[in-house]
Structure formats: structure tokens, C-alpha cells
Amino acid sequence: MTELKNFDKTPEASDIAHHFHGYTDARRHQDVGPMIIESGQGIYVTDNSGKRYIEGLSGLWSVGVGFQEDRLINAATKQLKQLPYYHNFGHKSHQAAIALSDQLVELAHVPMSKVFYTNSGSEANDTVLKMVWYRSNALGKPEKKKVIARTRGYHGVTIASASLTGLPNNHRSFDLPIDRVLHTTAPHYWKEGRDGETEEQFATRCANDLEALIQKEGPDTVAAFWAEPVMGAGGVVVPPKTYFEKIQAVLAKYDIIFVADEVICGFGRTGEMFGSITYDIRPDVIVMSKQITSSYVPFSAIMMNDRFYQPLADESHSIGTFGHGFTGGGHPLGAAVALENIAVIRERDLVANAREVGTHFLQRLETLKESPLIGEVRGVGLISAIELVNDKATKSVSTVGKLGGLMNAAMQRNGLISRNMADAVAFCPPLIITKAQADEMFEIIAKSLREVESEIG
Ligand code: PLP
């Protein structure tokens, strides 16, 4: 029997009754209930009680141009009226995907050749892994199928991309990772560096660890390496000096493809158009999502060079088709919004804004190091984090996640939404943030930190 709808139910009660949330303790949700966001404007969002917050994480690291940007809304409306849907199977195409592919290849800092479209960051990474395997078969190297990502890296949640992700909660009870997906050292100098080891020496050790893993597995069996220029969901990990230079030397030695996951870093976040530019990475494949449309529309793209693409084209020709593609891949709505979003980022020079306001904000965050609870302040451009500790000398916490959780709750009370990954609290505001707004955000962080200090005594 169908249950009668209860029209007296509050949205909170309905949410608890019927909405299964991602990345949420489902049992706890019954007690805590949802935080319902009603609207957004610029860097701010407002909940259903009318309380306004700074969106300190741009939603999920993604609303680059801010909420309610009319240019994106108008571009979406125009595209929906003209051609609300089309696909790219069987030689079909449409203007929005054509123009966007041109635009992305032109934006690339290294020679790129083709763009393949998907719907989310996870799906894009999943697709790249399939392409890596397909390519090795095309090259007559069926043994070359293993791939290496990094502990604490984040590449998504589908079976393949969750396997690439190097975080325990994405593996536990999901029977992941799948085989042939391996992980090497997280490049977090503050946490992983040894006593007396310089940043450069630590970077050398990371590259040596990678090479040792390749040797152990057999150099002919390793096909690709995955990295975010700056790790995001792993707690905002900025690579140590010389890290990518040394990593790339190892990859070149063993003919291994470099996949740069620019899902967070792409389109200005680090103060350059791509995080790969900031760290002088010359990837074969660039994975993009989130900020490509400022997340107004779910959308993702994989850009690749000829070294990666040509064997795929050969194999598709000998089989008769590239047996992969999505109904929504290159969706006209997403492509049109992406084009307009990139135009806004370029015309308003939001990349420079990320650099300038980001530097100012980081300088202010640095002053928090005086607090007995701040172990590290890290970041680049407009992506940063503070790491809370109970004991600065040993860089340790008494209960993992407690300080981060308290800090996050205090900030939310004080009008700033962000996210804590255990005891790292991340900041990744929209790229449009002004210096004055960055100061406003900093004041909330500083006030919240003082509250946490007194809370724990
Ligand atoms: N790659 C990176 C670097 C990400 O940060 C994310 C999401 O946070 C993903 C991939 C997965 O993207 P999605 O959530 O769209 O599947």
C-alpha cells in the first residue's frame, strides 16, 4: 500500500525520511538533520532560516565565479532554447562541444590534441583508466596495466576512481581498491618529513619511493601515474619544492603516462589557469570538472596529447568503434556554460585575483600559527588549510577529527561554511572573492579558533 503523503511534514523531516546523503553518517543524520541552503549570491549562501554564510569551500571546491552569475544563467537559457540536448556518438556533434574543445586545447600550457567528455570527476578518471588499459592493448603491451596514485590523493568514488583515491573511507567496506591500482607516498612534508630532512630531500625520497614501487612491480607493468597538483580532499597538500620535477624524471625513465587530475586545481584555483602550470607539470592527460562550469552544470572533460590519443584512435579503428561514451558526454548545456564560465574567468582575470587575494589571505592565516592549536598553515592561490593539533611539538592530536570538527562547527555558527578533513580545515572560496571579503572570512576563522581554544581549555 502506498503511504499517504504527509503535507504537514517540514522539509527537515522529509529530508530525514527520504534523502540518503553522500559523505554523511546516515544514522547520525536522523538526529542532526539537514542544513538546507535556499539561495546563493556571489560568495554567500543563505539557509532556510535566513542566516547568511560565506561559502568558504565554493560548495565542493567548485563555484569559481560565485553564485548567481547572470552570464552563466543566460548562456544556459540560450543553449536550452536552441538545442537542449545532443550527443557525440556515431560522428554526431554540436557547436557548443566543438567550440569548447577548441577553447580547452588553446588554454593548455602543453601541446594537447583531443578532448573527451564525461559527467563528473569520478567518471572522467574512470574513463582515463579504461583508456590507459585500451592504449596498452593497442600498443601490444597487455602486461602494462598497473597504475600508481598516491596515498591521500582523491580521484572520485566510482569503482576505478575510488580505487585511485588513496583514502581509507573510500575503500573500507566497499571491497576496494581493485587490483592493478597501487599507491605511493603522500607528498606532505610537514606530516611525512623526517627529523632533519629538508623539503628537497623529502621530495627526493618521494621520487625514490615511486621508483622503488615501479621496480618492485616490474617497470614493464606500470602504465600511468595519477596526481592532483595540489591534493584537495586529502587535506590540501601542497607539494614540497622540487617534487614534481623529480617525479616526472622517474615517469619519463619508465615510459609512464602522467595524468594530472585538475578537477579542483583547474581554471585558476592555484593562481594559474592550471595547477600543472604552477608546478611545472607537463601531463599527457588533464582531467577537468567542477570549476569548468563553476558546477552550475555537472560536467567533466579529459584532455589528452597525441602520445596518449593516437593508440586509442588506432585501436578504435581496428575494432570498428571506441566502445565507450556517455549519453550526457559533452552535453550542450554543460559545454555552453563551460565556455561562458571560462570567458568570465579570463575577462575578469580571476586567475590573477586568485593569486593576489590568495596571497593576502594566506599571509593572514600565517598569523594563526601563534595559536597553540595550529600545527601548519599551507596553501597556494585560493586553496589553503590550517591543521589543528593538541601538541605542536609532536604534531599530534588526542582524538583524530575532534579539533577539526569543533573548528568547523564554530565557523558555521559564526557564518562561514567550510569542511574539515580530520583535523585539517580547508578554505577554497569562489575566485571572485575580494580582499575585503577575504578579511571578513579571516576574522570569522580567527574568532572561531579563539572559541575552540577556550572550549578545550
Ligand atoms: N578528482 C578530484 C581532484 C576531486 O577533488 C574530485 C571531487 O572532489 C573528483 C575527482 C571526483 O569528482 P566528482 O565528485 O565530480 O565525481
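Name the residue that is nearest to the ligand (Cβ to nearest atom), counting only residues in the range 221-242 that are in a loop (DSSP other than H, G, I, E, B) and aliphatic (A, V, I, L, M). Don't jump to the end; show me each part of the working.
The initial filter retains those residues of the range 221-242 that are in a loop (DSSP other than H, G, I, E, B), namely 228-230, 232-236, 238-242.
Now narrow it down to the ones that are aliphatic (A, V, I, L, M): 230, 233, 236, 238.
Numbers: VAL230: 9, ALA233: 5, VAL236: 11, VAL238: 14 Å.
Among residues in the range 221-242 that are in a loop (DSSP other than H, G, I, E, B) and aliphatic (A, V, I, L, M), the one nearest to the ligand (Cβ to nearest atom) is ALA233.
Restricting to the range 212-269, name every residue that is closer than 24 Å to LYS191 by Cα and among the aromatic types (Phe, Trp, Tyr).
Once the filter is applied, which keeps residues that are closer than 24 Å to LYS191 by Cα and among the aromatic types (Phe, Trp, Tyr), the range 212-269 yields PHE225, TRP226, TYR243, PHE244.
Within the range 141-157, is even one residue out of contact with any strand residue (DSSP E or B) (no Cβ under 9 Å at 6 or more places or on another chain) and assigned to a helix (DSSP H, G or I)?
For the range 141-157, residues out of contact with any strand residue (DSSP E or B) (no Cβ under 9 Å at 6 or more places or on another chain) and assigned to a helix (DSSP H, G or I): absent.
Mind listing just one residue for me: the one in the range 422-437 that is surrounded by fewer than 21 Cβ atoms within 10 Å (Cβ to Cβ) and touching a residue at least 60 places away in the same chain (Cβ under 8 Å) and, of those, nearest to VAL397 (Cα to Cα)? Show your work before the answer.
As a first pass, look at the range 422-437 and keep what is surrounded by fewer than 21 Cβ atoms within 10 Å (Cβ to Cβ): 422, 434-437.
If we keep only those that are touching a residue at least 60 places away in the same chain (Cβ under 8 Å) as well, we get 422, 434-435, 437.
Values: ALA422: 10, THR434: 34, LYS435: 33, GLN437: 31 Å.
Among them, the one singled out is ALA422.
If you go through the range 246-260 one residue at a time, do you hit one that is out of contact with any Phe, Trp or Tyr (no Cβ under 8 Å at 6 or more places or on another chain), within 20 Å of MET303 (Cα to Cα), more than 14 Å from the ligand (Cβ to nearest atom) and not acidic (Asp, Glu)?
yes
Please specify each residue of the range 273-286 satisfying the condition of being touching a Lys or Arg at 6+ places or on another chain (Cβ under 8 Å) and within 18 Å of VAL65 (Cα to Cα).
Correct list: GLY275 only.
From the list SER300, SER294, SER289, SER276, pick out the single residue that is at positive phi, within 15 Å of the ligand (Cβ to nearest atom) and of a type in the set (Gly, Ala, Ser).
SER294
Look at THR151 and say whether it is of a type in the set (Val, Ile, Thr), over 11 Å from ALA223 (Cα atoms) and within 11 Å of the ligand (Cβ to nearest atom).
Values: of a type in the set (Val, Ile, Thr): yes; over 11 Å from ALA223 (Cα atoms): yes; within 11 Å of the ligand (Cβ to nearest atom): no.
Here the answer is no, as THR151 does not meet what is asked.
Does the range 245-278 hold any residues that are closer than 22 Å to VAL351 by Cα, surrounded by fewer than 24 Cβ atoms within 10 Å (Cβ to Cβ) and of a type outside the set (D, E, K, R), and which are they?
Scanning the range 245-278 gives GLY271, MET273, ILE277, THR278.
Hey, VAL263 hits all of (1) within 16 Å of the ligand (Cβ to nearest atom); (2) part of a helix (DSSP H, G or I); (3) in contact with a helix residue (DSSP H, G or I) (Cβ under 8 Å, 6 or more places away or on another chain) but one; which does it fall short on?
The one condition VAL263 does not meet is (2).
Would you pick out the residues in the range 219-232 that are in contact (Cβ under 8 Å) with a residue 40 or more places away in the chain and surrounded by fewer than 23 Cβ atoms within 10 Å (Cβ to Cβ)?
If the condition is that a residue be in contact (Cβ under 8 Å) with a residue 40 or more places away in the chain and surrounded by fewer than 23 Cβ atoms within 10 Å (Cβ to Cβ), then ASP220, THR221 are the ones that fit.
Of all the residues that make up the range 357-397, how many are part of a strand (DSSP E or B) and either among the aliphatic types (A, V, I, L, M) or at positive phi (or both)?
Selection size over the range 357-397: 8.
Here is a list: ILE159, ILE98. Which entry is out of contact with any Asp or Glu (no Cβ under 7 Å at 6 or more places or on another chain) and within 16 Å of the ligand (Cβ to nearest atom)?
Of the residues listed, the single one that is out of contact with any Asp or Glu (no Cβ under 7 Å at 6 or more places or on another chain) and within 16 Å of the ligand (Cβ to nearest atom) is ILE159.
Residues are listed down the side, and each one gets a yes or a no for (1) more than 19 Å from the chain's Cα centre (by Cα); (2) part of a loop (DSSP other than H, G, I, E, B):
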{"site": "ALA162", "(1), (2)": "no, no"}
{"site": "GLY166", "(1), (2)": "no, yes"}
{"site": "ASP175", "(1), (2)": "yes, yes"}
{"site": "LEU182", "(1), (2)": "yes, no"}
{"site": "ALA186", "(1), (2)": "no, yes"}
{"site": "ASP195", "(1), (2)": "yes, yes"}
{"site": "GLN201", "(1), (2)": "yes, no"}
{"site": "CYS206", "(1), (2)": "yes, no"}
{"site": "LEU210", "(1), (2)": "yes, no"}
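Looking at (1) assigned to a loop (DSSP other than H, G, I, E, B); (2) surrounded by 17 or more Cβ atoms within 10 Å (Cβ to Cβ); (3) over 22 Å from the mean Cα position of the chain (by Cα), can you tell me which one ILE214 breaks?
Every condition holds for ILE214 apart from (1).
For the range 420-431, name all the residues that are part of a loop (DSSP other than H, G, I, E, B) and either over 20 Å from VAL230 (Cα atoms) or not hydrophobic (A, V, I, L, M, F, W, C) (or both).
Across the range 420-431, the qualifying residues are ASP423, PRO429, PRO430.
Quick one: is ILE433 modelled with pLDDT of 95 or more, within 14 Å of SER58 (Cα to Cα) and out of contact with any strand residue (DSSP E or B) (no Cβ under 6 Å at 6 or more places or on another chain)?
It is true that ILE433 is modelled with pLDDT of 95 or more, within 14 Å of SER58 (Cα to Cα) and out of contact with any strand residue (DSSP E or B) (no Cβ under 6 Å at 6 or more places or on another chain).
What number of residues within the range 44-62 are at positive phi and either of a type in the set (Val, Ile, Thr) or touching a residue at least 12 places away in the same chain (Cβ under 8 Å) (or both)?
Number of matching residues: 3.
Do we find that ASP25 is more than 16 Å from the ligand (Cβ to nearest atom), farther than 20 Å from SER294 by Cα, without any contact (Cβ under 8 Å) to a residue 12 or more places away in the chain and within 24 Å of the chain's Cα centre (by Cα) in this structure?
So ASP25 fits the description; yes.
Would it be correct to say that ALA108 is more than 16 Å from the ligand (Cβ to nearest atom) and surrounded by 21 or more Cβ atoms within 10 Å (Cβ to Cβ)?
In short, no.
Pull out all pairs, ordered by first then second residue, where Cβ-Cβ is under 9 Å, the residues are six or more apart or on different chains, the first lies in the range 118-130 and is over 13 Å from MET288 (Cβ atoms) and outside any helix (DSSP H, G or I), and the second is at pLDDT 95 or above and more than 7 Å from the ligand (Cβ to nearest atom).
Cβ pairs passing all conditions: none.
The values are calculated or read from the model by the stated rules, or taken from the named source; none is laboratory data. Predicted model, so just to flag it, every value in this text is computed and none were measured. Please note: Cβ atoms are built from the backbone with ideal geometry, for glycine as well, and neighbour counts cover all protein chains shown.
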